[in-house]
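Note sheet for the following structure.
Taken together, the values in this text are just the output of simple stated rules run on the coordinates, not laboratory data. This structure is a prediction, so every number in the text was calculated from the model and none was measured. Don't worry about glycine lacking a Cβ; one is built from the backbone with ideal geometry, like all the others, and counts go over all protein chains shown.
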Amino acid sequence: MRLFILFIILAVLVLIPFFIWGDALMTAFSEKGTITFLTQYGQWAWAVAILLLMADLFLPIPATIIMAAVGYIYGPVAGGIISAAGSFMGGVLGHGLCRIMGEKTARRILGEKDYERGVRLSGDIGGWLVVLSRWLPVFPEVVSCMAGLIRMRLVRFILAMACGSLPLGFTYAYIGHAGVDNPYLAVGLSAGLPPLIWLSIRPVFQKKWGKA
């Protein structure tokens with residue numbers, strides 16, 4: 001029960017900044033405004049974009065607009081790498097901040113039963129949750145933090161994060177580069193490719209490192 005309650009609390013904490021600053025940030029980070037904002041940093045625009053995507057862990061930054069702007073500036077390949085890196089590093093940051101709290105703290109927060117239940121869920125089911133959450137609102141931040149708190153195996157988390165972040169980053173970078181306004185394409189690729197990639201790579205890493 002505590003595991004579910006903590007999930008809800010984290011979701012609320014993610015939503016609070018959205019209700020406070022969401023409209024202002026969405027206005028500030030329009031597509032054209034974001035391109036103008038990033039280009040003023042010249043050769044460091046890519047680094048600023050990554051920092052913004054990582055800041056999405058704490059603030060309601062419109063990540064997909066940032067990714068599209070990066071695609072417009074750098075093209076679909078370099079833009080895709082930058083966008084995927086920012087999404088990936090944001091997830092790793094959330095995981096790391098909660099993981100360093102330590103097992104004892106996690107057990108006190110969740111209680112012994114829910115902590116053990118969380119550890120069991122962090123196995124194969126946890127990997128799928130990370131993979132499937134990257135394209136959704138709110139869930140990426142919450143799932144990453146929960147994965148860190150219950151100390152999901154690092155190899156599994158990193159692989160799952162990569163599977164979710166790469167299609168997301170490259171899809172929106174391509175959309176920004178090509179000027180395509182097709183939400184169905186964006187959702188289809190961002191949601192559909194990660195589970196296919198996860199299914200294809202898991203057997204390889206299971207043989208090498210055990211269950212991933």
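Every helix of 4 or more DSSP H residues in the chain counts as -39500 (n - 2.57), and over all residues that averages to -27000 deg cm²/dmol at 222 nm. Screening the chain for DSSP H helices whose Cα atoms reach 18 Å or more along their own axis and whose mean Kyte hydropathy is at least -0.5 gives 2-28, 76-99, 154-178, 183-209.
Taken as Cα centroids, the range 113-192 and the range 1-76 sit 16 Å apart, rounded to the nearest whole angstrom. What residue among Ala147, Ala28, Ala85 has the largest mean-square fluctuation in a Gaussian network model of the chain, using Cα springs under 10 Å? Answer for the Gaussian network model of the chain: Ala28.
Based on C-alpha pairs under 8 angstrom that are at least 6 apart in sequence, the chain has a relative contact order of 25 percent. Other residues whose C-beta falls under 13 angstrom from the C-beta of Gly169 contribute a net charge of 0, scoring Lys and Arg +1 and Asp and Glu -1.
Structural descriptor for the range 37-142: relative contact order 21 percent, calculated from alpha carbon pairs under 8 angstrom and at least 6 residues apart.
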